[in-house]
Amino acid sequence: MTQLERCAVLFVDDDPRVLQGLRRMLHAERHSWTLQFAASGREALACLDGGSFDALVTDLRMPDMDGVELLTFAMEHHPNVARIVLSGEIDPAAGFKTVRCAHQFIAKPCEAGALKTALTRAFALRRLTGDHRMKALLSRLQTLPSQPALYTEVMDAIQSPNSSCRKVGELIARDVGMTAKILQLVNSAFFGLAHRVGNALEAVTLLGTDTIKALVLGAKVFSQFDSKRIKQLGLDTLWPHSLAASQCARTISAAEKLPRQAQAEAFTAGILHDVGKLVLAQNFPETYADILQRAQLRDRTLPDLETERFGASHAELGGYLMGLWGLDEDIIDSIAYHHGLSRTAPAGPVAIVVYAANAMEHLLSAGPPEASTRSVDPAVLVQLNIADRFAQWEQCCRRHQQEVAEHAK
Ligand SMILES: [Fe+2]
Ligand SMILES: [Fe+2]
């Protein structure tokens, strides 16, 4: 690893024993990581302004400048830096304040493994995009816009005395932006859950109605897409496509008899796989409308056009954002490579399922099978060793689709 590729982390804590502990804990990483330590928020500001860091790991409660102030400064002035809270803070009001300025929250005291994993994941994201402008944009995003009708339904359900946690969870699980945000929050150590949560329904159930209310109504963790803009962009199909792809992912992973955890991750990655499109459509509406239109002419693929304009495709940008928000690696890879799985070696089972589920959904929604084979690249199926199974999966998914349609009658 060259000096330029070294990953640099700034740790901030007013307790010198904590900094000393971190120094000892990460001693083995000194050859590949540059570690710097600051004893106050003010000292950290000077370090940030004078250096180049990949991650900032800060305490919350500090005398002269607290962690929220420091994180907000970093978000505004050094957006390329991943922002991680390392705190023993258990006051919910203080914790909720970090929701809008930190990417991840790790509980103090922490195991060396948890910290190393969070940092290694943050550094690994550099493979997905090196474009500073896009990284800065993704790093500043606090919410992802939701489908307006679903957003309204969730708001109504949260405020209704008759709604159950399950009902709210089921609604959130149908939306791309709300699913992403709720998984970021539930997996942050602030809520103190002992295990990783891979799906939105379980997340809402574990957090409970009161916490969800405080997050949604108080911390405003959800937002909605401008409905006029959705029409202008022709994005109406994004949400149904994502939901249907997640159902295909569930059917395929069940047919493959993947472990339960992997099936849940495949379902979640299915709903989130096109999250990067939301980001691009929201932030570059005119340019992205033009790109979507050009992609329909079919002389260039959408990922190619996006890469030419933004330095990375919606798949890579979506994977980057979900990684920054601390989602699991299998989910990140599944999102990042759902258009170019052949580039990863070797592809994990969840990523293969999501690649197939996205292709399958395009195939199923395009009409009869013989008219819609364009969505699947046979060479990639052979390369992934799933050419035979893909036909079986297609049968399972078509059967499931018919059952759902029957049920809806
Ligand atoms: Fe996509
Ligand atoms: Fe897709």
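The values are calculated or read from the model by the stated rules, or taken from the named source; none is laboratory data. Since we're looking at a predicted model, the values are computed, not measured. Note that we place each Cβ from the backbone using ideal geometry, even for glycine, and neighbour counts take in every protein chain shown.
For segment 50-71, filtering for residues that are touching a residue at least 24 places away in the same chain (Cβ under 8 Å) and out of contact with any strand residue (DSSP E or B) (no Cβ under 8 Å at 6 or more places or on another chain) leaves 6. The set of residues in segment 91-126 being assigned to a loop (DSSP other than H, G, I, E, B), under 19 Å from Leu215 (Cβ atoms) and without any contact (Cβ under 8 Å) to a residue 24 or more places away in the chain consists of Asp91 alone.
Criterion first (of a type outside the set (Asp, Glu) and buried (at least 24 other Cβ atoms within 10 Å of the Cβ)) does Phe284 satisfy it? No; evaluated as a whole, the condition is false for this residue. Selection within segment 208-243: residues that are among the hydroxyl-bearing types (Ser, Thr, Tyr), in a helix (DSSP H, G or I) and modelled with pLDDT under 90. The member of this set that is surrounded by the fewest Cβ atoms within 10 Å (Cβ to Cβ) is Ser227. Counting residues in segment 252-262 that are over 27 Å from Lys231 (Cβ atoms), within 16 Å of ligand 2 (Cβ to nearest atom) and either surrounded by fewer than 24 Cβ atoms within 10 Å (Cβ to Cβ) or more than 14 Å from the chain's Cα centre (by Cα) (or both) gives one or more. So is Leu292 in contact with a helix residue (DSSP H, G or I) (Cβ under 9 Å, 6 or more places away or on another chain), within 14 Å of ligand 2 (Cβ to nearest atom) and closer than 26 Å to Arg140 by Cα or not? Criteria met by Leu292. Would a scan of segment 41-61 turn up a residue that is over 29 Å from the mean Cα position of the chain (by Cα) and closer than 22 Å to Phe191 by Cα? Scanning segment 41-61, I find no residue that is over 29 Å from the mean Cα position of the chain (by Cα) and closer than 22 Å to Phe191 by Cα, so the answer is no.
Does segment 257-309 hold any residues that are within 12 Å of ligand 1 (Cβ to nearest atom) and outside any helix (DSSP H, G or I), and which are they? Listed by number, the residues that qualify are His273, Asp274, Thr301. Test Ala312 against the criterion of being within 15 Å of ligand 1 (Cβ to nearest atom), of a type in the set (Gly, Ala, Ser) and not in a helix (DSSP H, G or I), and give yes or no. Here the answer is yes, as Ala312 does meet what is asked. Please give the number of the condition Cys7 fails out of (1) at pLDDT 90 or above; (2) under 26 Å from Glu69 (Cβ atoms). Checking Cys7 against (1) at pLDDT 90 or above; (2) under 26 Å from Glu69 (Cβ atoms), the one that fails is (1). Quick one: would you say Asp299 is of a type in the set (Asp, Glu) and either touching a residue at least 24 places away in the same chain (Cβ under 8 Å) or within 16 Å of ligand 2 (Cβ to nearest atom) (or both)? When the stated conditions are applied, Asp299 does not pass them.
Annotation: Thr143 fulfils all but one of (1) outside any helix (DSSP H, G or I); (2) modelled with pLDDT under 90; (3) in the same structural domain as Thr205 (by TED's automatic domain parsing); the unmet one is (3). In segment 20-37, the condition of being surrounded by 20 or more Cβ atoms within 10 Å (Cβ to Cβ) and in contact with a Gly (Cβ under 9 Å, 6 or more places away or on another chain) is met by no residue.
Give me the residue from segment 360-395 that is within 16 Å of ligand 1 (Cβ to nearest atom) and modelled with pLDDT of 90 or more and, out of that set, farthest from Thr237 (Cα to Cα). Among those residues, the one meeting the criterion is Met360. Any chance segment 77-88 includes a residue that's assigned to a helix (DSSP H, G or I), outside the structural domain of Asn187 (by TED's automatic domain parsing) and more than 26 Å from Asp330 (Cβ to Cβ)? Yes - at least one qualifying residue is present in segment 77-88. Against the definition (more than 16 Å from ligand 2 (Cβ to nearest atom) and under 22 Å from the mean Cα position of the chain (by Cα)), how does Gly340 come out, yes or no? Spelling it out, it is not the case that Gly340 is more than 16 Å from ligand 2 (Cβ to nearest atom) and under 22 Å from the mean Cα position of the chain (by Cα). In the set (1) surrounded by 24 or more Cβ atoms within 10 Å (Cβ to Cβ); (2) over 19 Å from His132 (Cα atoms); (3) of a type outside the set (Asp, Glu), His339 fails one condition alone, (1). For segment 146-167, filtering for residues that are closer than 30 Å to Glu308 by Cβ and not in a strand (DSSP E or B) leaves 1. Based on this model, can you work out whether Ser246 counts as crowded, with 22+ Cβ neighbours inside 10 Å, within 16 Å of ligand 2 (Cβ to nearest atom), under 30 Å from Gly95 (Cβ atoms) and not assigned by TED's automatic domain parsing to the domain that holds Leu86? Spelling it out, Ser246 is indeed crowded, with 22+ Cβ neighbours inside 10 Å, within 16 Å of ligand 2 (Cβ to nearest atom), under 30 Å from Gly95 (Cβ atoms) and not assigned by TED's automatic domain parsing to the domain that holds Leu86. Would you check if there is a residue in segment 38-45 being in the same structural domain as Lys97 (by TED's automatic domain parsing), surrounded by fewer than 16 Cβ atoms within 10 Å (Cβ to Cβ) and among the polar types (S, T, N, Q)? There is no residue in segment 38-45 that is in the same structural domain as Lys97 (by TED's automatic domain parsing), surrounded by fewer than 16 Cβ atoms within 10 Å (Cβ to Cβ) and among the polar types (S, T, N, Q).
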